[in-house]
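Undergrad: Could you have a look at this structure, given as structure tokens, before my questions?
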Amino acid sequence: MIAWEKNIRRVTPYTPGEQPDCPNMIKLNTNENPYPPAPGVTKALQELDAGRLRRYPDPAAGMLVQALADYYGVAKEQVFVGVGSDDVLAMSFLTFFNSGKPVLFPDITYSFYDVWAELFGIPYECPKLNDEFQIRTEDYIRECGGIVIPNPNAPTGIEKNLEELEEVIAANPEVIVIIDEAYIDFGGTSALSLLPKYENLLVVQTFSKSRSLAGMRIGFAIGNERLIGYLNDAKYSFNSYTMSAAALAAGTEAIKDDTYFRETLQKIINTREWTKKELRRLGFSCLDSKSNFIFASHPKRPARELFEALKQADIYVRYFNKPRINNYLRISIGTDQEMVGLIHFLERYLGENV
Ligand SMILES: *Cc1c(COP(=O)(O)O)cnc(C)c1O
């Protein structure tokens, strides 16, 4: 070890899905939306005045915060925005998990949570999902330093119903409960309706999946004014200007076009249900996904082998080499045409390799 290395903060980073860029690939590995953002977003970006970029953006992101507050029917003091929900979640870990007691999140879940906990030195424990990959309510009713529940969970896609979530929130008034709703728009029921009842609840969502803006990096949290106030104090102690002028303009337009939003969501949901049926026809078992991806396993062919074979054909899906889930593929929902491509490949491959 070099002398100065002993004073370095060392972390094992999160591994994002790869971003290959080949012309005819079918990219179903990072849960991106297959459709472009709302037309108003394109227009706003085309009209962005480069001359104005010499100025700092609004540190309070007022335009975007107001659009979100109007859309979700809350006060603007209840809304916090960040550079993707990864930024919002990281700030929340830093701000709210400060008791020294372990924070709880599932053993199989978004693999960024433990990375932030490690980075910030927050103790954590990971209750095991049950054999059906469901989050067990009783595991989260105990003394702890905070709770993070993704709903629907990733990479399973399984939704936890609101009654059970409310039980967890109500049983933990002394800590903050974060519900990570990255996939809620694809058919789940949001915990936003519980906000008037619980001061310890923070709901986090993103523009990356349902609003087709992964490349713009916009996420947000909604909670009571006091909670959001503490989050802003931490943000202003770290980086005041998180949201670029482009992100503010694009995000605001995306929120305004509800018709386009609902149309693309419905298309993705329809495609998801079609793909599930087709995968089952080919012998796969699929978990009951309420998200824009399907977690699937084949009884005869190992997931790793299918993952490699698909990759050879320029079809990218996600494979996690981790205990309990190492025989599953996580397949994002693309366009109908892309999913037909996937099914045709699997049909041929499985036909030739049984
Ligand atoms: C994609 C995802 C996020 C974060 O996405 P951003 O692009 O940073 O908004 C957060 N949580 C879960 C569970 C996700 O799948």
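Undergrad: Pick from LEU94, LEU104: which is away from the ligand (no atom under 15 Å from the Cβ), within 23 Å of THR12 (Cβ to Cβ) and surrounded by fewer than 20 Cβ atoms within 10 Å (Cβ to Cβ)?
TA: Answer to the selection: LEU94.
Undergrad: Of everything in the range 31-77, what is closer than 30 Å to VAL317 by Cα and exposed (fewer than 13 other Cβ atoms within 10 Å of the Cβ)? Give them in sequence order.
TA: If the condition is that a residue be closer than 30 Å to VAL317 by Cα and exposed (fewer than 13 other Cβ atoms within 10 Å of the Cβ), then PRO36, PRO39 are the ones that fit.
Undergrad: Would you confirm whether or not the range 34-45 contains a residue that is at pLDDT 95 or above and closer than 18 Å to TYR241 by Cβ?
TA: no
Undergrad: Identify all residues within the range 199-245 that are touching a residue at least 40 places away in the same chain (Cβ under 8 Å), within 16 Å of the ligand (Cβ to nearest atom) and of a type in the set (Gly, Ala, Ser); write none if there are none.
TA: Selection gives SER208, SER210, SER212, ALA214, GLY219, ALA221, SER244.
Undergrad: List the residue pairs whose Cβ atoms are under 9 Å apart, where the first residue sits in the range 72-83 and is more than 12 Å from GLY223 (Cα to Cα), the second is of a type in the set (A, V, I, L, M) and in a strand (DSSP E or B), and the two are 6 or more positions apart or on different chains.
TA: Listed pairs, sorted by first residue: GLY82/ALA221.
Undergrad: Let me spell it out: the conditions are (1) part of a loop (DSSP other than H, G, I, E, B); (2) touching an Asp or Glu at 6+ places or on another chain (Cβ under 9 Å); (3) within 19 Å of GLY121 (Cβ to Cβ), and PRO13 meets all of them except one. Which number is the exception?
TA: For PRO13, the exception is condition (2).
Undergrad: In this structure, does GLU347 turn out to be surrounded by fewer than 18 Cβ atoms within 10 Å (Cβ to Cβ) and not in a loop (DSSP other than H, G, I, E, B)?
TA: yes
Undergrad: Evaluate the range 238-253: report whether one residue or more is assigned by TED's automatic domain parsing to the domain that holds GLU166 and more than 17 Å from MET63 (Cα to Cα).
TA: yes
Undergrad: While we're here: Determine if the range 99-107 includes at least one residue that is at pLDDT 95 or above, assigned by TED's automatic domain parsing to the domain that holds TYR140 and not in a loop (DSSP other than H, G, I, E, B).
TA: Scanning the range 99-107 turns up at least one residue that is at pLDDT 95 or above, assigned by TED's automatic domain parsing to the domain that holds TYR140 and not in a loop (DSSP other than H, G, I, E, B).
Undergrad: Among the numbered conditions (1) more than 16 Å from the ligand (Cβ to nearest atom); (2) surrounded by 11 or more Cβ atoms within 10 Å (Cβ to Cβ), tell me where LEU28 comes up short.
TA: (1)
Undergrad: Further question: Taking only the range 285-333 into account, find how many residues are of a type in the set (Gly, Ala, Ser), under 22 Å from ASN33 (Cβ atoms) and in a helix (DSSP H, G or I). Explain how you work it out, then say what you get.
TA: Of the range 285-333, the ones of a type in the set (Gly, Ala, Ser) are 285, 289, 291, 296-297, 303, 309, 313, 332.
Now drop any that are not under 22 Å from ASN33 (Cβ atoms), which leaves 289, 291, 296, 332.
Right, trim to in a helix (DSSP H, G or I) and you get none.
Total satisfying the criteria: 0.
Undergrad: Give the residue, chosen from LEU68, LEU89, LEU53, that is away from the ligand (no atom under 12 Å from the Cβ), assigned to a helix (DSSP H, G or I), within 30 Å of ASN200 (Cβ to Cβ) and in contact (Cβ under 8 Å) with a residue 60 or more places away in the chain.
TA: Matching residue, one of LEU68, LEU89, LEU53: LEU68.
Undergrad: Sticking with this structure for a sec: Of everything in the range 133-146, what is surrounded by fewer than 21 Cβ atoms within 10 Å (Cβ to Cβ) and part of a helix (DSSP H, G or I)? Give them in sequence order.
TA: Residues satisfying the conditions are THR137, GLU138, ASP139.
The values are calculated or read from the model by the stated rules, or taken from the named source; none is laboratory data. This structure is a prediction, so every number in the text was calculated from the model and none was measured. Cβ: placed from backbone, ideal geometry, glycine included. Neighbour counts: every protein chain shown.
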